[in-house]
There are 2 protein chains.
Amino acid sequence: MTALHTKDVIIIGAGTAGLAALKQVQELTDNYLLINDGPYGTTCARVGCMPSKLLIEAANAFHRRYQFDEFGIENADSLSVNLPKVLERVRHVRDYFVSSTLRVFSGIEDKVITGRARLTGKRTISVNDQLFSAEKIIVATGSRPIIPDKWQSISNDKLLTTDTLFEQRDLKSHIAVIGLGAIGIEMAQALARLGVKVTAFTDSALLAGLTDEEVSDKLKYSLESEFTIHTKTQADLEELDSGVRVTAGDIEVNVDQVLVAIGRQPNLDNMGLDKLDIALDDKGMPDIDPNTAQVADIPVFVAGDASANAMLLHEVADEGRIAGHNVFTDNIEAYQRRTPLAIVFSEPNTALVGSRLSELDTDKMVIGKASFDDQGRARAGLRNYGVMHVYLDKKSGRLLGAEMSCPGAEHMAHTLALAISQDLCVKEVLAMPIYHPVLEEGMRSALRDGLKQTDLEQSFDLARCDAFNSEALD
Amino acid sequence: MTALHTKDVIIIGAGTAGLAALKQVQELTDNYLLINDGPYGTTCARVGCMPSKLLIEAANAFHRRYQFDEFGIENADSLSVNLPKVLERVRHVRDYFVSSTLRVFSGIEDKVITGRARLTGKRTISVNDQLFSAEKIIVATGSRPIIPDKWQSISNDKLLTTDTLFEQRDLKSHIAVIGLGAIGIEMAQALARLGVKVTAFTDSALLAGLTDEEVSDKLKYSLESEFTIHTKTQADLEELDSGVRVTAGDIEVNVDQVLVAIGRQPNLDNMGLDKLDIALDDKGMPDIDPNTAQVADIPVFVAGDASANAMLLHEVADEGRIAGHNVFTDNIEAYQRRTPLAIVFSEPNTALVGSRLSELDTDKMVIGKASFDDQGRARAGLRNYGVMHVYLDKKSGRLLGAEMSCPGAEHMAHTLALAISQDLCVKEVLAMPIYHPVLEEGMRSALRDGLKQTDLEQSFDLARCDAFNSEALD
């Protein structure tokens with residue numbers, strides 16, 4: 001070990017959270033250190049949000065051919081997909097996105113260390129046999145896909161995760177997907193649309209993180225026209241010479257490859273948390289305040305996937321900024337976390353905004369429902385399938401949350417998120433203009449259906465002008 | 001003339017506004033009369049919003065083939081479009097939409113008269129040689145495409161409007177489009193994408209109703225890769241044996257057909273307005289209060305396209321409801337009109353929300369700008385082209401309006417419309433969650449760019465928790 005170097009702030013991890021923290025830190029000091037282990041570039045850009053969206057875009061473009069005949073476009077049958085080329089583009093554009101996350105390192109090379117850091121105390125770390133101390137330490141070490149121990153021995157050309165999926169030069173004919181949360185749903189549908197036979201398994205009854213059974217069932221029914229889904233079943237894997245055998249209850253199916261998408265675990269193990277003299281829970285996690293990013297009452301902050309909060313880019317970036325801000329304040333500041341928002345980029349899109357149904361007291365709320373099966377704009381575009389449920393406080397009409405699987409959900413979820421973040425009543429939302437013909441008219445139907453069930457007086461969407469001098473008719 | 005029949009309310013016109021009024025009227029009386037001239041079904045469903053969207057959907061689906069190669073989809077060249085089939089589907093689904101607007105007539109056949117009504121006084125009308133009187137009259141006679149007198153003689157297989165375009169069994173090779181407002185832009189692009197050679201003319205410098213030159217120029221540049229555009233030029237037409245000659249300044253071009261899309265005029269001429277003893281302007285229009293729909297101080301209400309306000313379905317429906325409500329109140333009630341919202345379903349989408357740039361005092365506002373040319377999600381989907389401008393009050397940061405031509409504008413315009421209708425400051429909007437990767441991140445960039453230019457303190461998007469007991473570090 002070499003001599004101790006003293007820094008104001010050390011950031012461990014150069015992903016989304018670490019880089020968001022870095023931006024805050026750089027505003028106040030040059031005496032910082034950024035340490036990164038493993039490949040540079042964020043989880044999002046390398047193996048998460050971006051390559052998955054690239055695969056989905058190609059898959060959806062190809063899948064659209066099934067509507068061509070009805071539109072009056074001929075010879076759709078002659079289209080074919082070149083999987084190696086699809087995957088090559090995914091990597092090519094992915095690399096572009098990664099490179100844009102790397103620009104931040106230009107000019108700060110002397111403050112960046114590549115290596116595996118470990119906490120050796122509340123203000124000290126070791127990396128590559130060097131010791132550093134810092135006033136504050138930010139841990140933003142990210143996460144990795146969960147692979148159960150018993151599956152670790154399966155060769156990694158047969159057992160894929162999102163770390164390896166996008167590196168494939170081609171895809172085999174039959175792939176099992178284990179886990180139907182956001183990643184599982186997105187990749188299962190994309191692979192199926194690209195011509196892979198997909199058999200999917202989840203131990204959950206509901207899909208895509210939904211808690212509203214009707215919405216989940218609607219999504220499931222749609223997806224089942226594209227690939228096979230087994231819910232409420234625990235899958236087990238056995239490596240074969242030629243592939244993998246998946247067993248789940250009475251089901252046994254041999255596939256070429258398996259994509260394991262059962263979640264991600266924070267990279268906090270072997271980080272030296274046991275050196276901090278703080279309590280750890282049974283998963284080895286310390287107490288991290290989600291509003292401050294601080295660990296217990298010590299000068300260590302954990303942000304991003306490492307904190308095991310919602311592993312969603314926009315929340316992870318917030319955590320990084322909160323941590324980067326709080327390392328410079330004597331009074332640690334707490335921030336209100338944003339309105340919850342989760343989107344699954346399936347077709348139809350799936351989204352959850354605000355409170356989930358499972359979190360609400362059903363006695364005090366009403367559910368406004370709208371079907372998109374005959375929604376005008378969706379029908380014009382041959383995308384008329386789906387449902388939206390909005391949850392309103394029965395007494396006040398306040399918008400509490402929504403779950404939906406419908407076309408354009410990724411957009412309407414944002415409008416609803418703004419409404420919830422502003423604590424709006426359904427009547428206030430309905431006073432906004434809704435153009436025609438748009439998918440948002442379906443959202444309006446759900447809101448109106450909810451309004452009818454509340455205790456509020458029903459009336460025009462439009463408010464009377466207070467200032468108007470009304471005059472009697474002649 | 002037969003004897004006088006007395007009604008509580010007479011509604012003239014069974015389009016969107018008339019039917020919205022009807023719904024209100026039916027809640028309070030059975031003694032009403034609905035009179036309709038010309039084809040049943042709304043302008044929107046018959047010849048407007050819906051058939052245009054159907055044509056656009058087919059056109060966009062076919063146009064997408066240019067991205068197939070980059071996605072890794074092969075043989076896009078073998079796709080072809082069958083125009084008669086495209087048009088047949090447009091009519092088929094259009095008829096479905098029209099039929100759904102006709103359900104309202106079921107059971108009220110005895111209250112509906114087909115014929116041309118004329119006002120004979122403030123409370124009397126004539127139709128089919130019958131006279132009726134009513135306590136209140138609602139005029140919702142709609143609008144029709146403007147065709148200048150000098151072009152009226154051109155045969156209507158050569159001079160098309162939206163009344164006739166969708167009735168075509170096939171389309172000719174070269175079509176001129178006159179006028180590049182919403183309808184002109186939408187149809188010009190759709191026709192071009194379906195393989196028709198399109199040459200477009202507008203006397204305006206800006207397209208699609210935009211008032212922000214940068215946004216319009218961006219749209220124009222994009223459209224010019226698909227068809228020829230001549231701006232700031234007055235086109236004239238001359239019928240030829242084989243088609244039409246279009247002359248505009250130095251330009252002379254022979255085409256097979258012309259689509260005239262220079263606007264719509266209210267159907268108030270020959271309605272008997274001169275019998276009402278009220279002032280008419282030089283266009284023959286009476287004074288109609290947009291907040292009450294009332295004509296001057298008489299018991300006549302004009303709603304919908306006939307009022308010559310924004311001829312947009314959602315506004316027209318509001319006017320119908322306002323009129324339908326006000327025919328039953330002793331004190332005419334004024335309603336706040338909704339936040340302005342206009343969308344053009346071009347690719348990229350074009351939208352205007354709130355105040356237009358041309359309506360704002362540029363000394364007191366700032367323009368937040370974002371380009372979509374390298375926006376992550378748009379790039380993943382090969383739709384990365386466009387720009388969004390948001391207009392903020394410089395002092396307060398209040399969101400005043402926005403003009404944009406970018407992917408997903410039709411959705412983001414709704415989120416911004418909610419923000420404007422709630423009179424939100426840019427910081428309040430930025431406190432909402434924005435998922436990743438979504439087009440809304442481009443909207444956030446525009447809002448953040450605007451915020452930087454305001455007089456507001458810049459800070460986190462996230463608000464500090466008021467209730468938090470901050471504790472000093474150890």
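The values are calculated or read from the model by the stated rules, or taken from the named source; none is laboratory data. For clarity, every value in this text was computed on a predicted model and none was experimentally measured. Quick reminder, even Gly has a Cβ in these numbers, built from the backbone with ideal geometry, and neighbours come from all protein chains shown. Side chains are part of the model used for accessible areas, which takes the heavy atoms of the whole protein and leaves out ligands, DNA and RNA. Shrake-Rupley method; radii C 1.70, N 1.55, O 1.52, S 1.80 Å.
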Under the rule of -39500 (n - 2.57) per DSSP H run of 4 or more residues, summed and divided by the residues of chain B, what mean residue ellipticity at 222 nm is obtained, to the nearest 500 deg cm²/dmol?
-8500 deg cm²/dmol
Would you mind classifying the range B:341-464 by shape? Square roots of the alpha carbon gyration tensor eigenvalues, ordered a ≥ b ≥ c; an a/c under 1.5 is rounded, otherwise it is prolate if a/b is larger than b/c and oblate if not.
oblate
Sorted peptide list for B:46-54, B:14-22, criterion being average Cβ within 10 angstrom, highest first
B:14-22, B:46-54
So if R0 is 22 Å, what FRET efficiency would A:ILE146 and A:VAL253 give, r being the distance between their Cβ atoms, rounded to the nearest 0.05?
0.50
Please compute the average number of Cβ atoms from other chains found within 10 Å of each residue's Cβ in peptide A:77-88.
4
Amide H of A:ARG116: which non-local residues (sequence gap of 5 or more, or other chain) have their own amide H closer than 5 Å, using H built in the peptide plane?
A:ASN128
For the range A:149-262, with only Lys/Arg (+1) and Asp/Glu (-1) charged at the beta-carbon, what is the dipole magnitude about the Cα centre, in debye rounded to 20?
240 debye
Cα-centred dipole magnitude for the protein assembly as shown, charges only on beta-carbon of K, R (+1) and D, E (-1), debye, nearest 20:
880 debye
Take every residue in peptide B:91-102, count the Cβ atoms of other chains within 10 Å of its Cβ, and give the average of those counts.
1
Pull up the DSSP beta bridges for the range A:149-262 and report the antiparallel fraction as a percent, rounded to 5.
40 percent
How far is it, in nm, from the label point at B:GLN336 to the one at A:THR29 when both lie 7 Å from their Cα along the line to the Cβ?
4.9 nm
Per-residue ³J(HN,Hα) for the range B:53-69, Karplus 6.51 cos²θ - 1.76 cosθ + 1.60, θ = phi - 60°, Hz, x for Gly and Pro:
5, 5, 5, 4, 4, 5, 5, 5, 4, 5, 5, 4, 4, 5, 8, 4, 4
Long-range amide H contacts for B:VAL139: which residues qualify at under 5 Å (H placed 1.01 Å from N, peptide plane, sequence gap of 5 or more or a different chain)?
B:ILE12, B:PHE301, B:VAL302, B:ALA303
Checking the a/c ratio against 1.5 first, then a/b against b/c, what shape does the Cα gyration tensor give for chain A?
oblate
Show A:LEU312, B:LEU268 ordered by accessible area, largest first, where the area counts protein heavy atoms only and the probe is 1.4 Å.
A:LEU312, B:LEU268
Peptides ranked, highest mean first, by Cβ atoms within 10 Å: ranges B:161-172, A:315-326, A:366-377:
A:315-326, A:366-377, B:161-172
In Å², and per residue, what accessible area does the protein assembly as shown have when probed at 1.4 Å with the other protein chains present?
39 Å²
To the nearest 0.05, how large is the calculated FRET efficiency for B:GLN168 and B:GLU214 if R₀ is 35 Å and r is the Cβ-Cβ distance?
0.45
Rounded to a whole number, what % of the accessible area of chain A do carbon and sulfur atoms account for, probe 1.4 Å?
45 percent
Can you sort B:TYR435, B:TYR391, B:TYR221 by 1.4 Å-probe accessible area, starting with the largest?
B:TYR221, B:TYR435, B:TYR391
Under a cut-off of 12 Å between alpha-carbon atoms, report the aspartates and glutamates in cross-link reach of B:LYS395, not counting same-chain residues fewer than 8 places apart.
B:ASP363, B:ASP455, B:GLU457
Roughly how much accessible area, to the nearest 100 Å², goes out of reach of solvent when A and B pair up, both sides summed, probe 1.4 Å?
9500 Å²
Whole-Hz ³J(HN,Hα) for each residue in the range A:354-361, computed from phi via Karplus 6.51 cos²θ - 1.76 cosθ + 1.60 with θ = phi - 60°, x for glycine and proline: what do you get?
x, 6, 6, 3, 5, 8, 9, 8
Comparing each residue of the range B:298-320 in the complete protein assembly with the chain by itself (heavy atoms, probe 1.4 Å, ligands and nucleic acids ignored), those losing at least 10 Å² of accessible area are B:PRO299, B:LEU312, B:LEU313, B:HIS314, B:ASP318
Taking each residue of A:60-72 in turn, how many C-beta atoms of other protein chains fall within 10 Å of its C-beta, and what is the average?
6
DSSP beta bridge pairing in the protein assembly as shown, given as percent antiparallel to the nearest 5:
60 percent
If you take every DSSP beta bridge fully contained in the range B:1-156, what fraction is antiparallel? Give it as a percent rounded to 5.
35 percent
5 angstrom amide H check on B:ALA200, placed H, neighbours 5+ away
B:VAL177, B:THR228, B:ILE229, B:HIS230
Could you pull out the GluC sites (Glu not before Pro) across the range B:353-439 that fall in loop regions by DSSP (anything but H, G, I, E, B) with no more than 16 other Cβ atoms inside 10 Å?
none
Under the classification rounded if a/c is under 1.5, otherwise prolate if a/b is larger than b/c and oblate if not, where does the range B:149-262 fall, given a ≥ b ≥ c as square roots of the Cα gyration tensor eigenvalues?
prolate
Residue span B:SER99 to B:ASP297: 0.36 nm per residue of separation minus Cα-Cα distance leaves a gain in nm of 67.6 nm
I'd like to know which of A:VAL104, A:GLN130, A:ASN82 lies farthest towards the positive end of the charge dipole of the range A:40-198, counting +1 on Cβ of Lys and Arg and -1 on Cβ of Asp and Glu.
A:GLN130
Defining the label point at 7 Å along Cα→Cβ, can you sort the distances from B:THR329 to the same site in each other copy, shortest first, in nm?
4.8
Please report, for A:ALA296, the nm distances (one decimal) from its label point, 7 Å out from Cα along the beta-carbon direction, to the equivalent points in the remaining copies, shortest first.
8.4
With θ taken as phi - 60° and the coefficients 6.51, -1.76 and 1.60, list the Karplus ³J(HN,Hα) couplings across the range B:118-125 in order, rounded to whole Hz; mark glycine and proline as x.
9, 6, 10, x, 5, 10, 9, 9
Evaluate 2.2 N^0.38 Å with N set to the residue count of the protein assembly as shown, then give the Cα radius of gyration divided by it.
1.03
Using only alpha carbon pairs under 8 Å that are at least six residues apart, calculate the relative contact order of chain A and give it in whole percent.
15 percent
At a threshold of 8 angstrom on Cα-Cα distance, excluding pairs fewer than six apart, so keeping six or more, what relative contact order does the range A:341-464 reach in percent?
31 percent
I need the inter-copy label distances for A:GLU239: point set 7 Å along Cα to C-beta, values in nm with one decimal, smallest first.
8.1
